[in-house]
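Have a look at the structure below, then the notes.
The values are calculated or read from the model by the stated rules, or taken from the named source; none is laboratory data. Please read all numbers here as calculations on a predicted model, not as lab measurements. Cβ placement follows ideal geometry from the backbone for every residue including glycine, while neighbour counts extend to all protein chains displayed. Side chains are part of the model used for accessible areas, which takes the heavy atoms of the whole protein and leaves out ligands, DNA and RNA. Shrake-Rupley method; radii C 1.70, N 1.55, O 1.52, S 1.80 Å.
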Amino acid sequence: MVRNASQVGKLARNRGKEMEREVANNLELELGLSFSRNLQQYHTPNLGDLVCSDKSFPFNMEIKRRQQGNYVPVGAWTQAVSAVLTEGNHLTYPCVIYRYDRLATRCVVPLSAIAESITGKKTITKTSMLDTYKVEKTADLSFDSFCHICREIMAWRSHDVTSAHSRSLQ
């Protein structure tokens, strides 16, 4: 069956919506946080695809679903970085969650996010974001590993807030 450009575009959009809902549900199951599709992304450029109800969630996510390919889809990392830079929040990391047909979901994150999940120290400043988020400074992870990193970063940051609050009460 031959499809025209309009039909192909509609199929791609539906595939993307389906993937966004799937990722939102899986993140909710893994992390216990609520996620919703960011419908503003259709009207405003450089926004992430999913929004977490918990503002301390450390990633701005770009979701991609493709029929075939290798590694992160072309342009997806640049799109994720642009969203973080537009947002201007140096506490949020870019992330691309992608899947090709018949393969497991993968997640690309900056190495600095992995370092923070281990040490609890965020080393990124607004001025160092462009250099830190170069594609060659990323890691391609399983979905389970991505969820682990999310939990660790949020735990470290929660601990830092709790510690700061305790000190202010003394």
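Within the same chain, aspartates and glutamates fewer than 8 places from residue 134 are excluded, and of the rest, those with a Cα less than 20 Å from its Cα are 62, 87, 116.
Each residue, residue 119 and residue 158, gets one label point 7 Å from its Cα in the Cβ direction; the gap between the two is 2.3 nm. Summing charges over all other residues whose Cβ lies under 14 Å from the Cβ of residue 82, with Lys and Arg as +1 and Asp and Glu as -1, gives -2.
Protein heavy-atom accessible surface, 1.4 Å probe, per residue over the stretch 58-140: 49 Å². Protection proxy ranking of 115-126, 145-156, 92-103, by the mean of other Cβ atoms within 10 Å over each peptide's residues and highest first, is 92-103, 145-156, 115-126. Residue 137 sits among other residues whose Cβ lies under 14 Å from its own Cβ, and their net charge, with Lys and Arg +1 and Asp and Glu -1, is -3.
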